[in-house]
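Notes to accompany the following structure.
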Amino acid sequence: MNTAQLLVKCLENEGVKYIFGIPGEEVLDIMQALRDSSIKFILVRHEQGAAFMADVYGRLTGKAGVCLSTLGPGATNLITGLADANCDGVPLVAITGQVPTDRLHITAHQFLDLNRLFSPITKRTKEILSPETVQEVVRLAFKYAEGDMPGATHITLPVDVARMPVAEGDVPLKHSFLELDERAEWGAIDRAAELIRQGKKTVVLAGNGVVRNHAGAALARLADNAHLPVINTMMAKGVIRCDDPYSCSTVGLPFRDFGNLILSEADTIVAVGYDLVELDPSSWNKDCRTHIVHVATLPADVNKYYQADVQVVGSLSQSLDGIASLLSDYVSDSSWALEIRKMAQENDEEDKKDASFPAKPQRIIADIRSVMSDDDILVSDVGANKVWVAREFPCYLPNTCLISNGFASMGFCLPGAIAAKLVYPERHVVGVTGDGGFLMNCQELETAVRLGLSIVIVILHDDSYGLIKWKEMDHYGSSCFVDYGDPDFVAFAESFGAKGYRIARTEELVPVLKEAFSQSVPSVIDCPVDYRENLRLEARMKEICASRKKG
């Protein structure tokens with residue numbers, strides 16, 4: 001057995017089911033080892049797509065997604081996807097080839113110092129320089145990727161080391177699971193409950209850590225028993241059901257919205273599993289007057305706008321249940337927040353029914369939701385479409401609306417939808433993207449067709465980088481350098497063997513979606529969108545916020 005074969009054995013030992021990537025000369029030994037492996041290699045059309053697929057696999061399973069590339073340009077193409085996973089707290093392991101060890105010290109064809117390159121965007125990057133170290137390097141990569149704060153790790157394997165024989169009897173390392181008492185200190189739980197009691201307007205801000213730690217049920221118990229309003233970040237949609245009486249809004253939008261309004265009026269914020277990268281605390285605590293209860297598995301980051309009065313560090317579910325037990329006789333006055341929630345619910349009701357064309361984004365998102373089950377999955381790209389998905393798409397379960405928001409990478413949607421369908425083939429998976437985001441990784445449509453994955457991609461078509469145009473119009477009253485021409489998306493989809501649809505009337509979207517979901521191949525729906533709603537919404541929110549402040 002050579003090093004490459006032992007590497008694959010180690011990956012099997014870690015429970016790896018898929019490796020997403022593109023072969024190259026320097027990883028041919030790994031590819032040969034995979035031919036006899038239980039791991040399925042998913043050939044993609046661009047390494048960035050491979051990294052995004054591994055990213056979404058990690059989000060949905062909690063196990064590290066794995067992507068692979070050759071050295072040089074193959075490795076550099078992984079960078080955006082790895083940075084996205086690392087920033088968003090997603091477990092991912094990347095494997096790259098490398099030149100032989102006798103060329104690591106000189107200028108060589110396609111050579112880059114990959115450890116230095118990947119170091120800023122991963123939790124750990126290591127080179128396998130001898131067969132004796134492969135088991136340790138792989139085990140450590142997965143340990144760090146799947147740790148308390150998940151992220152990306154990187155392994156590079158020089159081509160000559162890949163071919164070296166390993167010692168007879170070398171096998172993957174055992175997994176040792178140490179059961180630790182991860183409960184938070186009871187004194188911290190007691191102080192947290194007391195601070196909540198003292199607050200006149202207390203709000204829960206739920207972040208992605210609630211999803212990662214499967215603490216949604218405990219969060220709902222605390223909210224419902226103590227009548228605490230809950231705001232969630234984009235990456236925490238679904239941690240509390242949208243129809244829960246205390247589920248109030250999603251925050252993270254590029255302007256003040258109803259969720260921001262609730263946070264700005266709160267005097268106490270219970271931040272549960274909240275990662276600062278999801279939402280800058282300066283957006284809701286600019287004057288640093290808000291009392292903060294930090295409930296997480298790790299201590300709070302240092303930030304002048306996020307200075308916790310109490311830190312409850314430990315198992316999220318146990319911490320939340322502990323706080324709830326001390327608040328069994330307490331009922332928060334949440335009427336002020338629920339009043340804002342009602343205002344939010346009423347705000348877009350007419351727009352969701354509006355049949356004007358091009359379609360309003362509110363109507364598009366409402367129509368998509370109407371044909372999906374609670375556990376179906378929506379994968380959002382980044383752009384103006386992300387704002388509308390975050391704001392308008394109701395979620396009933398965690399990990400049913402996937403949004404790249406810590407790093408916010410365009411091109412995330414199509415590869416992400418492919419990975420989601422591989423993980424949950426029995427569920428409907430829909431990707432919502434702009435025309436700009438779609439074209440950044442549109443080549444992966446061939447991957448979806450080849451794999452026979454019946455995903456549905458809805459393109460909100462406006463012939464521009466809509467989010468940047470929105471910001472330009474808001475700041476300067478005009479836009480520049482954001483408009484472009486698009487291909488015929490229907491012909492494009494059909495050229496790959498997918499189904500293509502074009503919406504000509506707003507009323508067509510629901511029947512087209514139903515037909516697309518019945519297909520055995522991927523479908524692409526070209527849906528013109530009226531993004532004049534962007535500025536209208538912002539103007540409306542400014543009026544509401546100003547009126548609320550005066551009141």
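The values are calculated or read from the model by the stated rules, or taken from the named source; none is laboratory data. All values derive from a computational prediction rather than experimental measurement. Glycine gets a Cβ as well: all are built from the backbone with ideal geometry, and neighbour counts include every protein chain shown.
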- Message: Could you tell me how many of the residues in the stretch 482-523 are assigned to a loop (DSSP other than H, G, I, E, B) and not aromatic (Phe, Trp, Tyr)?
- Response: 15
- Task: Would you be able to tell me the number of residues in the stretch 52-87 that are more than 16 Å from Leu414 (Cα to Cα) and hydroxyl-bearing (Ser, Thr, Tyr)?
- Result: 4
- When the stretch 471-530 is examined, which residues are found to be aromatic (Phe, Trp, Tyr) and over 28 Å from the mean Cα position of the chain (by Cα)? Tyr476, Phe481
- Can you tell which of Val239, Val251 is within 25 Å of Arg540 (Cβ to Cβ) and surrounded by 24 or more Cβ atoms within 10 Å (Cβ to Cβ)? Val251
- Could you say whether any residue in the stretch 221-232 is in contact with a Lys or Arg (Cβ under 8 Å, 6 or more places away or on another chain), surrounded by fewer than 24 Cβ atoms within 10 Å (Cβ to Cβ), assigned by TED's automatic domain parsing to the domain that holds His291 and assigned to a helix (DSSP H, G or I)? no
- Item | Residue in the stretch 267-277 that is out of contact with any strand residue (DSSP E or B) (no Cβ under 9 Å at 6 or more places or on another chain) and farther than 21 Å from Val331 by Cα present | yes
- Message: Looking only at the stretch 192-214, count every residue that is outside any strand (DSSP E or B) and under 21 Å from Asp309 (Cβ atoms) and tell me the total.
- Response: 13
- Query: Has the stretch 36-44 got any residue that is under 25 Å from Arg163 (Cα atoms) and either outside the structural domain of Tyr144 (by TED's automatic domain parsing) or modelled with pLDDT under 95 (or both)?
  - Reply: yes
- Item | Long-range neighbours under 9 Å by Cβ, at least six apart or interchain, first residue not assigned by TED's automatic domain parsing to the domain that holds Ile79 and in a loop (DSSP other than H, G, I, E, B) within the stretch 393-413, second of a type in the set (Phe, Trp, Tyr) and surrounded by 24 or more Cβ atoms within 10 Å (Cβ to Cβ) | Ser404/Phe52; Ser404/Phe412; Ser409/Phe52; Gly411/Phe52; Gly411/Phe438; Phe412/Phe52
- Pull up the stretch 15-41, narrow it to residues that are within 27 Å of the chain's Cα centre (by Cα), of a type outside the set (Phe, Trp, Tyr) and crowded, with 23+ Cβ neighbours inside 10 Å, then point me to the one that is nearest to Gly151 (Cα to Cα). Ile19
- Query: Does the stretch 125-133 contain at least one residue that is aliphatic (A, V, I, L, M), surrounded by 14 or more Cβ atoms within 10 Å (Cβ to Cβ) and under 30 Å from Pro73 (Cβ atoms)?
  - Reply: yes
- Task: Give the residue, chosen from Gln311, Gln307, that is at pLDDT 95 or above, surrounded by fewer than 17 Cβ atoms within 10 Å (Cβ to Cβ) and either within 23 Å of Arg197 (Cα to Cα) or touching a Lys or Arg at 6+ places or on another chain (Cβ under 8 Å) (or both).
- Result: Gln307
- Query: Can Gly416 be described as touching a residue at least 24 places away in the same chain (Cβ under 8 Å), in a helix (DSSP H, G or I) and either surrounded by 24 or more Cβ atoms within 10 Å (Cβ to Cβ) or not assigned by TED's automatic domain parsing to the domain that holds Leu279 (or both)?
  - Reply: yes
- Item | Subset of the stretch 419-469 [touching a Pro at 6+ places or on another chain (Cβ under 6 Å), in a loop (DSSP other than H, G, I, E, B) and within 21 Å of Ala366 (Cβ to Cβ)] | Ile455
- What is the residue count in the stretch 374-392 for residues that are touching a residue at least 40 places away in the same chain (Cβ under 8 Å) and more than 15 Å from Val529 (Cβ to Cβ)? 7
- Note on the structure: Of (1) modelled with pLDDT of 95 or more; (2) of a type in the set (Gly, Ala, Ser); (3) more than 27 Å from Gly15 (Cα to Cα); (4) in contact with a helix residue (DSSP H, G or I) (Cβ under 8 Å, 6 or more places away or on another chain), Gly151 fails just (3)
- For the stretch 24-33, state whether one or more residues are within 30 Å of Ile377 (Cα to Cα), modelled with pLDDT of 95 or more and touching a helix residue (DSSP H, G or I) at 6+ places or on another chain (Cβ under 6 Å). no
- Message: Suppose we keep only residues that are surrounded by fewer than 23 Cβ atoms within 10 Å (Cβ to Cβ) and within 29 Å of the chain's Cα centre (by Cα) within the stretch 143-172. Which one would you say is farthest from Val277 (Cα to Cα)?
- Response: Lys143
- Going by the structure shown, is Leu535 in contact (Cβ under 8 Å) with a residue 60 or more places away in the chain, out of contact with any Cys (no Cβ under 7 Å at 6 or more places or on another chain), in a helix (DSSP H, G or I) and exposed (fewer than 15 other Cβ atoms within 10 Å of the Cβ)? yes
- Task: Return yes or no: is Val138 in contact with a helix residue (DSSP H, G or I) (Cβ under 8 Å, 6 or more places away or on another chain), more than 30 Å from Leu276 (Cβ to Cβ) and not hydroxyl-bearing (Ser, Thr, Tyr)?
- Result: yes
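Yes/no matrix, rows are residues, columns are (1) touching a residue at least 60 places away in the same chain (Cβ under 8 Å); (2) over 15 Å from Ala359 (Cα atoms); (3) assigned by TED's automatic domain parsing to the domain that holds Pro425:
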| site | (1), (2), (3) |
| --- | --- |
| Glu494 | no, yes, yes |
| Ala498 | no, yes, yes |
| Ile503 | yes, no, yes |
| Ser520 | yes, yes, yes |
| Val524 | yes, yes, yes |
- Filtering the stretch 313-351 for residues that are in contact (Cβ under 8 Å) with a residue 40 or more places away in the chain and either among the aliphatic types (A, V, I, L, M) or closer than 20 Å to Asn534 by Cβ (or both) leaves a count of 16
- Note on the structure: Within the stretch 391-425, the count of residues that are on the phi > 0 side of the Ramachandran plot and touching a Leu at 6+ places or on another chain (Cβ under 8 Å) comes to 1
